[in-house]
Amino acid sequence: MRILIADDHSLIREGLRKILLESLPFAEVHDVADSADLFKKAISEKWDIIISDISMPGYSGIEILKQIKEHAPSTPVLMLSMHTPEQYAVRAIKAGASGYLTKESAPYELVKAVQQILSGRKYITSEVAEVLAGSLEQKDQRAPHEQLSDREFEVFKMIVMGKSISEIGEILSLNVNTISTYRARIMDKMKLHNNADLVKYAIQNNLV
């Protein structure tokens, strides 16, 4: 069994490796620290499962997930995140993930999730299932942030974390005009007026 772990924190990678090998001692576990290396390894080698953080340097986990599913559609991907399911679970599942797990629950659920995915099923916790069910509501009934595209949501998250337009542009390798356009779209879709409104919204909706 070949498993690929992707996370930009070495302690997280080692912790996940230890959890996996305690229950799957014959597994061959490799790891990478950023989205670029993840994509290269994902499409150049054969993996039984990929376990990837949703937030890494370079492209977001969601974008890399989409690229992996395009080039290696049969490779299952389990997304890990420090964020609650309300923030990313629906986006991850829609992008092709076979499961979504918070890092907080990983020590208790990781092996179970991997085994279930390897058996050909998706790993959906009751919490994620509830979020997915809510996402099936009519578009105009969804929360404002749920109407943002994946890229817009990523920019939104960075804005509320206090990053400037130029900093976001550097992280995403996009020019400031493009980021400003995303910001304008976010404001329009969410019917908000400034960064302070975005921060207030994020706090009220448990997005930070």
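Bear in mind these aren't lab numbers, they're just calculated from the coordinates by the rules spelled out. Not measured: the values here are computed from a predicted model. Neighbour counts run over all protein chains shown; Cβ positions are idealised from the backbone, glycine included.
Numbers at a glance
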| quantity | calculated |
| --- | --- |
| Amide H contacts under 5 Å for Asp31, placed H, 5+ residues apart | Ile5 |
| Cα gyration tensor shape of the stretch 143-186, rounded if a/c is under 1.5, else prolate or oblate by comparing a/b with b/c | prolate |
| Contact order relative to length of the stretch 140-204, as percent, for alpha carbon pairs under 8 angstrom and 6 or more apart | 38 percent |
| Between helix 85-94 and the chain: long-axis angle, C-alpha atoms, 0 to 90°, nearest 10 | 70 degrees |
| Protection proxy ranking, peptides 113-124, 86-97, 151-162, average beta carbon neighbours within 10 Å, highest first | 86-97, 151-162, 113-124 |
| Cα radius of gyration and Dmax for the stretch 107-208 (Å) | 16.9, 48 |
| Local electrostatic count, Leu192, Cβ distance below 12 Å [Lys/Arg +1, Asp/Glu -1] | +3 |
| The chain - Rg (one decimal) and Dmax (whole number), Cα, Å | 17.4, 55 |
| The chain, helix-only ellipticity at 222 nm - DSSP H runs n ≥ 4, -39,500 (n - 2.57), divided by all residues, nearest 500 | -16500 deg cm²/dmol |
| Cβ-derived FRET efficiency at R0 22 Å, His71 paired with Leu132, nearest 0.05 | 0.30 |
| Angle between the chain longest axis and helix 106-118 axis [Cα atoms, degrees, rounded to 10] | 70 degrees |
| Subset of Lys66/Lys157; Lys69/Lys103; Lys41/Lys94; Lys18/Lys41; Lys69/Lys200 violating a 27 Å alpha-carbon distance limit | Lys69/Lys200 |
| Three-way shape label, the stretch 76-158, alpha-carbon gyration tensor, a/c 1.5 | prolate |
| Relative contact order of the chain, pairs being alpha-carbon contacts under 8 Å that are 6 or more residues apart, as % | 15 percent |
| Proximal charge balance of Ser98 [Cβ under 12 Å; K/R count +1, D/E count -1] | +2 |
| Net charge over other residues, Cβ less than 11 angstrom from the Cβ of Glu14 (K, R count +1; D, E count -1) | +1 |
| Assigned charges on the beta-carbon of Lys, Arg, Asp, Glu; the chain dipole about Cα centre (debye) | 360 debye |
| Part-to-part distance (alpha-carbon centres) for the stretch 165-208 and the stretch 1-58, which is given in Å | 30 Å |
| Helix 126-135 vs. the chain, principal-axis angle (Cα, 0 to 90°, nearest 10) | 40 degrees |
